[in-house]
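A.B. asks: I'd like to ask some things about the structure below.
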Amino acid sequence: MCGIVGYVGGGSAKEMILSGLKSLEYRGYDSAGIALIRKGKLLVRKESGKLKALEAKVGGPEFDGPIGIGHTRWATHGAPTRENAHPHQSGDGRIAIVHNGIIENFMELREELTRENEIRFVSETDSEVIAHLISLYYDGDLFDAVRSASRRMRGAYAVAALAESEPDRIIAIRKDAPLIAGVCAEGGLIASDIPALLKYTKDVYFIENNEIVVVTRGGVQIFDEEKTRMNRTRTHIDWDVTAAEKGGYEHFMRKEIFEQPAGIRETLRRRIDDSGHIALDDLEFTKEELDGLERIYIIACGTALHAGLIGKALIEKYARIPCEADLSSEFRYRDPIVNERTLCICISQSGETTDTLEGLREAKRKGAKILSIVNVVGSSVARASDHVFYTWAGPEIAVASTKAYTTQLTSLYLIAMYMGLLRGTTDEAACGRLLGELAEAPAMVEEVLKNEERFIGLAKEHYKKEKIFYVGRGLDVVTAQEASLKLKEITYINSFAIAAGELKHGTIALITKDVLFFALATQAALYEKMISNIEEMKARKAQVVAIAKAGAGRIGEVADDAFFIPECSDEIAPLVSIVPFHLISYHIAKLRGREIDQPRNLAKSVTVE
Ligand code: M6R
């Protein structure tokens, strides 16, 4: 959840670190700090709160230098105080570290260091033990000290370390927490995430588990645990700097909502060839391989799982392979039936979500092949997979996922059709129809976006409500779940989603006049059933706003209000019908004065269990 940045070079380390940390603000944080070496002295400044507080402390030229590390912390072990903020220092103040992840055995190490080495801890964090351990092993060579210290640490970590007596290099190491390195004209850089480096370089090295990076003014060198130099190729990141900036929008979330047509278009463009065929040959599936599959598991978390639930329906329909969509955090612990005749599809925007990464590893251990749908090129999930399908949403910065979701859905339409065509379980005509509609989807989303004023009106009418529920049937249940997640994470309103047919089995007891229902009715075969469900809600005095397809008839008279998305097939509807909810949630959050891009307690990529 935390952000790490480091720089060694001819420029100002402070400037680079602050700019890097700023571009990582979306990760969520509640304190920040920098360690620099200036004229042979290790200097540390840290503050609780936002970067502005830190900036005020590091203003003058007396706090700058050619080498430094920085950190934004999202509190886990210990409150968001200055003491708990990173960098942490050794007792003599000559070693400083920043850490992303969790040291699981920190209590045991802390007790040992206190008992046997009389070390006095000044913070409540798990990370402080790293600084003391490195210092304990330090014998004039920071590389060796970091390597020795890491052997004592259990858990997940990306660590960057500075030693006062080695003012020309940063040593960094990772295990199960993201770490990248890059080179710019003036020096070497490291960071936990791509946006931090974009301003300086677009060619990055992805550091693998247990590798140690030496960052100097001359660049970066990567070593394995045995100190063998690794020869790595750099990965080019196709994002431009402005894509990771707000570009005049008040919030990243609104910008990203409006970027959805472009994201869908780009994801399609990369996968449809000139003759209009789906081009997924690089995934190298054969008909025999697909025919031999017993089942497909889709694993993911949060919004990505919702995409997976739609994907399950599409894969079963087009490819006729039994498919289950499961929460990564449950999948990995429930001993799922996985073997070499299983395909595991992992969906993750960041590609760094620990639960999904661990689920992936579990499936791999049991013999499954892995196909991942990932937005961040070269991320851990992508690197651990046999096949990767990249979504082309561009960087998603707001914690609430919007454009990643619609590009994940787009990818799943293509994958399901591709599998169906390869297996012969679907025909060109059916796929042609769906592909034709997919090509129209960006325009349909644009059509919905034009109605922002309408959604602002709805938000104004309902933003004070304390209970907002979402119902639907068929694919609409998933859209309801995703819409509800979006609302609760950025507005903090109590909300849930339920299949409309399930209401009468208990939940109906909650309906009062204070409840607002959003009722989705985009699935033709279930439309009349939804009308009955809306009548049930109205009979109990709830307010109901319906979302249906243009031309849907009397739903507008049954519900209190209705919004109509452009006419489309039932299958495409989830791609379009989620968009009104993005804007409604956004405007309710705005009216309630929420921190929209960084909601409380949340971080963009969840790299802890
Ligand atoms: O990076 P991932 O797609 O793996 O993230 C999964 C979830 O943490 C994420 O979708 C989360 O639910 C979003 N904040 C929802 O908007």
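The values are calculated or read from the model by the stated rules, or taken from the named source; none is laboratory data. What you see is a predicted model; the values in this text were computed from it and never measured. With ideal geometry, Cβ positions are generated from the backbone for all residues, glycine too; neighbour counts draw on all protein chains shown. Side chains included, ligands, DNA and RNA excluded: accessible areas come from the protein's heavy atoms. Shrake-Rupley method; radii C 1.70, N 1.55, O 1.52, S 1.80 Å.
A.B. asks: Give me the pairs, please: first residue somewhere in segment 584-595 and touching a residue at least 24 places away in the same chain (Cβ under 8 Å), second residue anywhere and buried (at least 19 other Cβ atoms within 10 Å of the Cβ) and not in a helix (DSSP H, G or I), beta-carbon distance under 6 Å, and either six or more positions apart or on two chains.
C.D. replies: Close Cβ pairs (under 6 Å, with a partner that is buried (at least 19 other Cβ atoms within 10 Å of the Cβ) and not in a helix (DSSP H, G or I)) amount to Ala589/Ile596.
A.B. asks: For segment 271-286: of the residues being of a type in the set (Asp, Glu) and assigned to a loop (DSSP other than H, G, I, E, B), which is nearest to Arg423 (Cα to Cα)?
C.D. replies: Glu284
A.B. asks: Taking Arg254, is it at pLDDT 85 or above, open to solvent by 70 Å² or more (accessible area, probe 1.4 Å) and not acidic (Asp, Glu)?
C.D. replies: no
A.B. asks: I would also like to ask the following. Please indicate, with yes or no, whether at least one residue in segment 371-379 is part of a helix (DSSP H, G or I), hydrophobic (A, V, I, L, M, F, W, C), within 9 Å of the ligand (Cβ to nearest atom) and under 30 Å from Pro599 (Cα atoms).
C.D. replies: Checked segment 371-379: no residue is part of a helix (DSSP H, G or I), hydrophobic (A, V, I, L, M, F, W, C), within 9 Å of the ligand (Cβ to nearest atom) and under 30 Å from Pro599 (Cα atoms).
A.B. asks: Let me ask something else about it. Out of Pro580, Pro574, Pro566, which single residue is open to solvent by 20 Å² or more (accessible area, probe 1.4 Å) and touching a residue at least 12 places away in the same chain (Cβ under 8 Å)?
C.D. replies: Pro566 is the lone residue from the list that is open to solvent by 20 Å² or more (accessible area, probe 1.4 Å) and touching a residue at least 12 places away in the same chain (Cβ under 8 Å).
A.B. asks: Being within 23 Å of Ala163 (Cβ to Cβ), open to solvent by less than 20 Å² (accessible area, probe 1.4 Å) and in a strand (DSSP E or B) is the filter here, so list the residues in segment 185-219 that pass it.
C.D. replies: If the condition is that a residue be within 23 Å of Ala163 (Cβ to Cβ), open to solvent by less than 20 Å² (accessible area, probe 1.4 Å) and in a strand (DSSP E or B), then Gly187, Gly188, Leu189, Ile190, Ala191, Ile212, Val213, Val214, Val215, Gly219 are the ones that fit.
A.B. asks: Return yes or no: is Gly182 surrounded by 20 or more Cβ atoms within 10 Å (Cβ to Cβ) and free of Cβ contacts under 8 Å to residues at least 60 places away in the same chain?
C.D. replies: For Gly182, the condition - surrounded by 20 or more Cβ atoms within 10 Å (Cβ to Cβ) and free of Cβ contacts under 8 Å to residues at least 60 places away in the same chain - is met.
A.B. asks: Just one of Gly311, Gly292, Gly263 is at pLDDT 90 or above, in contact with a strand residue (DSSP E or B) (Cβ under 6 Å, 6 or more places away or on another chain) and open to solvent by less than 40 Å² (accessible area, probe 1.4 Å); which is it?
C.D. replies: The conditions single out Gly311.
A.B. asks: Answer yes or no: is there a residue in segment 446-462 that is surrounded by fewer than 20 Cβ atoms within 10 Å (Cβ to Cβ), away from the ligand (no atom under 16 Å from the Cβ) and under 29 Å from Glu289 (Cα atoms).
C.D. replies: Among the residues of segment 446-462, not one is surrounded by fewer than 20 Cβ atoms within 10 Å (Cβ to Cβ), away from the ligand (no atom under 16 Å from the Cβ) and under 29 Å from Glu289 (Cα atoms), which makes the answer no.
A.B. asks: Quick one: Tyr470 ticks every box in (1) at pLDDT 95 or above; (2) within 16 Å of the ligand (Cβ to nearest atom); (3) not assigned by TED's automatic domain parsing to the domain that holds Ala548 bar one, so which box is it?
C.D. replies: Only one criterion is unmet by Tyr470, namely (3).
A.B. asks: While we're here: Among Ser348, Ser380, which is the only one that is among the hydroxyl-bearing types (Ser, Thr, Tyr) and modelled with pLDDT under 95?
C.D. replies: Going through Ser348, Ser380 in turn, just one is among the hydroxyl-bearing types (Ser, Thr, Tyr) and modelled with pLDDT under 95: Ser380.
A.B. asks: Right, next: For segment 486-532, name all the residues that are under 32 Å from the mean Cα position of the chain (by Cα), open to solvent by 10 Å² or more (accessible area, probe 1.4 Å) and β-branched (Val, Ile, Thr).
C.D. replies: Within segment 486-532, Ile498, Thr507 meet the criteria.
A.B. asks: Something else about it: With respect to Ser411, is the statement that it is open to solvent by 10 Å² or more (accessible area, probe 1.4 Å), modelled with pLDDT of 95 or more and within 16 Å of the ligand (Cβ to nearest atom) true?
C.D. replies: So Ser411 fails the test.
A.B. asks: From the list Pro336, Pro395, exactly one residue is open to solvent by less than 20 Å² (accessible area, probe 1.4 Å), away from the ligand (no atom under 15 Å from the Cβ), in a loop (DSSP other than H, G, I, E, B) and not hydrophobic (A, V, I, L, M, F, W, C). Which is it?
C.D. replies: Pro336
A.B. asks: Just checking, does segment 589-604 include any residue being among the polar types (S, T, N, Q) and away from the ligand (no atom under 16 Å from the Cβ)?
C.D. replies: no
A.B. asks: Does Pro261 meet the test of being away from the ligand (no atom under 16 Å from the Cβ), assigned to a helix (DSSP H, G or I) and in contact (Cβ under 8 Å) with a residue 24 or more places away in the chain?
C.D. replies: yes
A.B. asks: Separate question: Considering each residue of segment 291-333, count those that are more than 16 Å from the ligand (Cβ to nearest atom) and part of a loop (DSSP other than H, G, I, E, B), and give that number.
C.D. replies: So the answer is 7.
A.B. asks: Hey, any hits in segment 351-362 for a residue that's surrounded by fewer than 21 Cβ atoms within 10 Å (Cβ to Cβ) and away from the ligand (no atom under 13 Å from the Cβ)?
C.D. replies: Looking through segment 351-362, at least one residue is surrounded by fewer than 21 Cβ atoms within 10 Å (Cβ to Cβ) and away from the ligand (no atom under 13 Å from the Cβ).
A.B. asks: When you go through Asp427, Asp386 one by one, which is the residue that is under 18 Å from Leu343 (Cα atoms), out of contact with any Cys (no Cβ under 6 Å at 6 or more places or on another chain) and acidic (Asp, Glu)?
C.D. replies: From the options Asp427, Asp386, the qualifying one is Asp386.
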